[in-house]
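Working notes, beginning with the structure itself.
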Amino acid sequence: MEEKPILVMKFGGTSVGNAETMLQVKDIVKESISTGWKPVVILSAMVGVTNQLLQSAELAKNHRFDLVLQTAASLTSRHYEVVHQLILNQERQFTIKQQIDQLISGFTEYCRAIDIIGEATPRVLDAIGGIGEMLSVRIFAEVLNIHQIQAQAVDATKIIITDGVFQGAHPDFEKTRHKLQQTLIPMLNSGVIPIVTGFIAATEDGITTTLGRGGSDYTAAIIGAGLKAKEVWIWTDVDGVMTADPRVVPNAKTIQSLTFREIGELAYYGAKVVHPKTMQPLIDADIPIKVKNTFNPKHPGTVLITDQSRISNGDIKAVTSIRGQSLITIEGRGMLGVPGVAARAFGAVASTGTSVPLITQASSEQSICFAVPLNSIALVLKELNNAFARELQVKDIDRIWATEEVVIITIVGAGMRNTPGVAGKIFSKLGSQGINVIAIAQGSSEVSISLVIDRQDDEKAVRAIHELIV
Ligand code: ADP
Ligand code: ASP
Ligand code: MG
């Protein structure tokens, strides 16, 4: 008999947000089996749960343990409610409620420790933040079981091995592949569907890490690559990747297909629909990704593909924006021709652990300008002032300063580089709306252009540029 192909399907927070939506997910899983796939399911926490868990850690740090207990109670009752609605068998209900109690009491204990110490380390934040996924997989696996679909909850701490960079850990693909083959393949071979936690992983010593916020998409890709899945499908709450965030642009349309590069830029610059790292493990393996809507499963959604040649027609495909940024400028006539200024500047920024999403340099070399997240400007300015203390003193550098909040708008389309006049169209559109462009950068992969504008022009600019697409 021919081997059935493996399909990794990830369902986001809204897809598992309540009993009703969980049943929709169950139907999708069932459908995948009847159409000849061997599914592996990755789940997020129920929508809002990760935020609640992490906010509780913050509350505990501020010694508001009373509020932590309130959250613990509300998390328990929210998960119980789903269990009561979907798992009617008393015995099974009892077992699953015990598991919920155990996980939630682990959460309160961690928070208690934070309350006592007055500090929440990234390590404990990962231990707390991942509990939502551990809850949702246990409930959903049981839901499948009572619908006669054999399934088993799996904590990804047992199968994805990462380094110890908490809150944004990097997988060791080789070790992970080995674990995946050892654990999931035998399950699949015996007809059991693995229901795996998104977002979390562990170091080799078994310490829980997370892959960063929104990281369940990345989990699906890591597992898809490790199992050599035929396809990876990301199920979310919109009809695929759209020309803009439909919450900002109500008439945004689904994009039928995008290259990994295009979606990479879009995701990196704020389109939350797919985590920016998702494509990375799948590029070499040439495994396509589909983005589909749990609440409209018949819609084809978006196909993400590695092959560039198939789609580089047209010009602008999508527009996105990322808030909460500041532009830092280092300026001074004495910088002219002095080698190494940029290297030292970025070295100083890197030493603070801040990543720089956008860089522009005036050709006169009299200034360097780059974006950093707003919440790291104090630290970054301090390091830059230290690094250039001498130049500031002798006035080779006049000043180093940061703007108020700005927004980065990114326009994506692989065909843009071959289409003359795209940038011109964008600027005249913005100009006609009275929107001032503070800085410009072209993405190094040539599939995007980014602009920096004032915070207050954000949505207006996205809508204006979107008019150039549809
Ligand atoms: P999930 O919980 O399923 O992972 P997310 O909230 O992380 O869902 O991502 C889906 C959301 O991404 C959508 O509801 C939408 O508001 C937002 N989004 C932002 N930009 C885009 C875009 N270009 N296309 C589709 N959705 C987008
Ligand atoms: N639950 C995690 C988060 O909210 C991971 C995810 O949903 O992808 O960030
Ligand atoms: Mg998401």
Query raised in the report: Which one of the conditions (1) of a type outside the set (Gly, Ala, Ser); (2) closer than 24 Å to VAL319 by Cα; (3) surrounded by 18 or more Cβ atoms within 10 Å (Cβ to Cβ) does LEU381 fail to meet, given that it meets all the rest?
Result: (2)
Requested in this report: Taking the options VAL338, VAL349, name whichever one is over 29 Å from GLU262 (Cα atoms) and of a type in the set (A, V, I, L, M).
Outcome: VAL338
Query raised in the report: If LYS290 satisfies every condition in (1) in contact with a strand residue (DSSP E or B) (Cβ under 7 Å, 6 or more places away or on another chain); (2) among the basic types (Lys, Arg); (3) in a helix (DSSP H, G or I) but one, which is the exception?
Result: (3)
Query raised in the report: Applying the selection to the stretch 229-272, what residues are part of a loop (DSSP other than H, G, I, E, B), under 16 Å from the mean Cα position of the chain (by Cα) and of a type in the set (Ser, Thr, Tyr)?
Result: TYR269
Requested in this report: Go through the stretch 202-235 and give me each residue that's closer than 17 Å to LYS179 by Cβ, more than 11 Å from ligand 1 (Cβ to nearest atom) and of a type in the set (A, V, I, L, M, F, W, C).
Outcome: ALA202, ILE207, LEU211, ALA221, ILE222, ILE223, ALA225, LEU227, ALA229
Report task. Could you tell me which residue of the stretch 337-395 is nearest to GLU405 (Cα to Cα), considering only residues that are free of Cβ contacts under 8 Å to residues at least 60 places away in the same chain and basic (Lys, Arg)? Result -> LYS382
Requested in this report: Return a yes/no flag: does the stretch 124-145 have any residue that is farther than 25 Å from PRO281 by Cβ and either within 16 Å of ligand 3 (Cβ to nearest atom) or exposed (fewer than 14 other Cβ atoms within 10 Å of the Cβ) (or both).
Outcome: no
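Table: residues versus (1) touching a strand residue (DSSP E or B) at 6+ places or on another chain (Cβ under 6 Å); (2) part of a loop (DSSP other than H, G, I, E, B); (3) of a type in the set (Ser, Thr, Tyr).
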{"residue": "THR354", "(1), (2), (3)": "yes, yes, yes"}
{"residue": "THR360", "(1), (2), (3)": "yes, no, yes"}
{"residue": "LEU392", "(1), (2), (3)": "no, no, no"}
{"residue": "ILE409", "(1), (2), (3)": "yes, no, no"}
Query raised in the report: Does the stretch 112-120 contain any residue that is surrounded by fewer than 23 Cβ atoms within 10 Å (Cβ to Cβ) and either within 25 Å of the chain's Cα centre (by Cα) or closer than 26 Å to VAL41 by Cβ (or both)?
Result: yes
Report summary line: Flagged in the stretch 27-79 as more than 28 Å from PRO194 (Cα to Cα) and among the β-branched types (Val, Ile, Thr), in numbering order, are VAL68, THR71
Requested in this report: Within the stretch 233-267, count every residue that is in contact with a strand residue (DSSP E or B) (Cβ under 8 Å, 6 or more places away or on another chain) and not hydrophobic (A, V, I, L, M, F, W, C).
Outcome: 13
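Evaluate the following for HIS170: is it at pLDDT 95 or above, farther than 22 Å from THR219 by Cα and surrounded by fewer than 17 Cβ atoms within 10 Å (Cβ to Cβ)?
no
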Query - Flag for VAL154 being within 19 Å of GLY12 (Cα to Cα), without any contact (Cβ under 8 Å) to a residue 60 or more places away in the chain and among the β-branched types (Val, Ile, Thr) - result: yes
Requested in this report: Would you check which residues across the stretch 261-279 are touching a helix residue (DSSP H, G or I) at 6+ places or on another chain (Cβ under 9 Å) and more than 16 Å from ligand 3 (Cβ to nearest atom) and list them?
Outcome: ARG261, GLU262
Query raised in the report: Within the stretch 185-199, is even one residue crowded, with 17+ Cβ neighbours inside 10 Å, on the phi < 0 side of the Ramachandran plot and among the aromatic types (Phe, Trp, Tyr)?
Result: no
Report summary line: Counted residues in the stretch 1-56 being outside any loop (DSSP other than H, G, I, E, B), away from ligand 3 (no atom under 13 Å from the Cβ) and among the hydroxyl-bearing types (Ser, Thr, Tyr) come to 4
**Report entry** Filtered residues of the stretch 36-52 (kept if surrounded by fewer than 23 Cβ atoms within 10 Å (Cβ to Cβ) and either under 22 Å from ALA221 (Cβ atoms) or aliphatic (A, V, I, L, M) (or both))
**Finding:** TRP37, LYS38, VAL47
Query raised in the report: So, in the stretch 213-260, of the ones that are of a type in the set (S, T, N, Q) and within 14 Å of ligand 3 (Cβ to nearest atom), which residue ends up farthest from ILE287 (Cα to Cα)?
Result: THR236
Query - Candidate set from the stretch 402-436 (those that are hydroxyl-bearing (Ser, Thr, Tyr) and either over 33 Å from the mean Cα position of the chain (by Cα) or modelled with pLDDT of 90 or more (or both)); member that is farthest from ARG333 (Cα to Cα) - result: SER432
**Report entry** From the options SER450, SER428, residue that is among the hydroxyl-bearing types (Ser, Thr, Tyr) and either touching a His at 6+ places or on another chain (Cβ under 9 Å) or surrounded by 14 or more Cβ atoms within 10 Å (Cβ to Cβ) (or both)
**Finding:** SER450
Report summary line: Checked the stretch 1-20 for anything in contact with a strand residue (DSSP E or B) (Cβ under 9 Å, 6 or more places away or on another chain), in contact (Cβ under 8 Å) with a residue 60 or more places away in the chain and over 20 Å from PHE107 (Cβ atoms); matches are PRO5, ILE6, LEU7, VAL8, MET9, LYS10, PHE11, GLY12, THR14, SER15
Query - Positions within the stretch 389-401 being modelled with pLDDT of 95 or more and buried (at least 19 other Cβ atoms within 10 Å of the Cβ), in sequence order - result: ILE400
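The values are calculated or read from the model by the stated rules, or taken from the named source; none is laboratory data. Small disclaimer: the values here were computed from a predicted structure and weren't measured. A quick note on method: Cβ atoms are made from the backbone with ideal geometry, for glycine too, and the neighbour counts reach across all protein chains shown.
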